[in-house]
1. Could you tell me the convex hull volume per residue, in Å³, taken over the Cα atoms of segment A:118-172?
2. Assign one of three labels to segment A:42-139, namely rounded, prolate or oblate, based on the Cα gyration tensor with a ≥ b ≥ c the square roots of its eigenvalues; rounded applies when a/c is under 1.5, prolate when it is not and a/b is larger than b/c, and oblate otherwise.
3. With each pseudo-label sitting 7 Å past Cα toward Cβ, what's the B:Ile193-A:Glu135 distance in nm, one decimal?
4. With the contact rule set at Cα under 8 Å and sequence spacing of 6 or more, what percent relative contact order holds for segment B:57-199?
5. Considering chain B as a Gaussian network with a 10 Å cut-off on Cα pairs, which listed residue, B:Gln38, B:Gln127, B:Gln163, attains the greatest mean-square fluctuation?
6. May I ask you to derive the relative contact order of segment B:137-179, considering only C-alpha pairs under 8 Å and at least 6 residues apart, and to give it as an integer percent?
7. At 222 nm, what helix-only mean residue ellipticity would chain B give, in deg cm²/dmol to the nearest 500, using -39500 (n - 2.57) for each DSSP H run of four or more?
8. Please list, short to long, the whole-number percent of alpha-carbon pairs of chain A in consecutive 10 angstrom bins beginning at zero.
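No lab work stands behind these numbers, since they all come straight from the coordinates. Since this is a predicted model, take the numbers as computed values, not measurements. Counting neighbours? That spans all protein chains shown, and the Cβs are built from the backbone with ideal geometry, glycine included.
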Protein chains: 2
Amino acid sequence: MLGSLPSFARLVSELGKLPGIGGKTATRLAFSLLRRPQEEVEALATALIEMKRNLSFCSRCFNLSESELCSVCSDSGRDETRVCVVQEPQDLMAIERSHGYKGCYHVLHGALSPLDGIGPEDLKIPQLLTRLKQEPVEEVVVATSFTVEGEATALYLARILKQAGIKVTRPAHGIPMGSDLEYIDSATVQLAIDSRREL
Amino acid sequence: MLGSLPSFARLVSELGKLPGIGGKTATRLAFSLLRRPQEEVEALATALIEMKRNLSFCSRCFNLSESELCSVCSDSGRDETRVCVVQEPQDLMAIERSHGYKGCYHVLHGALSPLDGIGPEDLKIPQLLTRLKQEPVEEVVVATSFTVEGEATALYLARILKQAGIKVTRPAHGIPMGSDLEYIDSATVQLAIDSRREL
């Protein structure tokens, strides 16, 4: 049936390349797009092309940016003595949403993973080291993910940054706000108890 | 954060208009598209525009088509004395996939729903009646959905088509192939027992 509808089949196939979208969802999305007004479909197509044309990375911290410097780096109110290292721009956005951090950032675009052949040169680690030599950074907050790769990256950075005399910190492990102890995995509970604070 | 990335925010907003795609999924898809090569993103944009430009409906049965007549209507090997009435092109595709039907189709593009103000004139029912006068149709298989609206549409069509001396049938209700009785809803089990056949 789709063989006689090449344009439709092509759209289904292109949509099916997106993550988490299989054949059935792609067909459902294509049918939904078919029923939309021409302008809406064109707006999506234009948004795709414009995003690819306008978006690049900040030349200083490698955050997403539509100009040479990202919105954080071009904000003069930021504390330049602190740099928070994250894996992806999404992580930076999550920290910004928390409004709990007023320093600068550095986006690695990945984490160390020797098994996948990803070493320090495949990430923005050399650029971080150059930056630390040129800027008055006193503390690096390593906010890589709490996964095997993220922890390995944090340990690697801690080792080389401490040698350079820079204070290295990591966000605290613990029980998320508003959660029920019953449903938290036991490794997290154990860490939270080990890192308990006096009230 | 997204305020400083208008192209990215616009793509997230356009993707979020798709059914079943909320803000978080839209952001995830936008990030995934950001990491793809330019050609892939352009291929998706082109597929969207081409689909809208090329696809329309068959002038005879209102199936999806990229030409005046759809692939079923332009197939001379089809039995012209039988017409299967379905709600949506998706339903037609499902029947074609079963390879169990060799007649023609008529796509209503919806079902009767007085509560939503959808009457016979809002569907392709007048076009069906005109067609039945001009073509040598002996049987109409009403394969609308087994929902309240679909059943209402089936009853409505049965009433007017029987008056016109056309045989009206409906696909059988029953237990789906390969299913476990335990997990089938009791209304279906009851119908399947009522419609039992001798072996």
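1. Cα-based convex hull of segment A:118-172, divided per residue, equals 75 Å³.
2. Note, shape of segment A:42-139 comes out oblate.
3. Result: 7.4 nm between the two label points.
4. For segment B:57-199, the relative contact order is 19 percent.
5. The residue that fluctuates most here is B:Gln38.
6. 49
7. So the helix-based figure for chain B works out to -13000 deg cm²/dmol.
8. Histogram of Cα-Cα distances, whole percents per bin: 7, 25, 25, 22, 15, 5, 1, 0.
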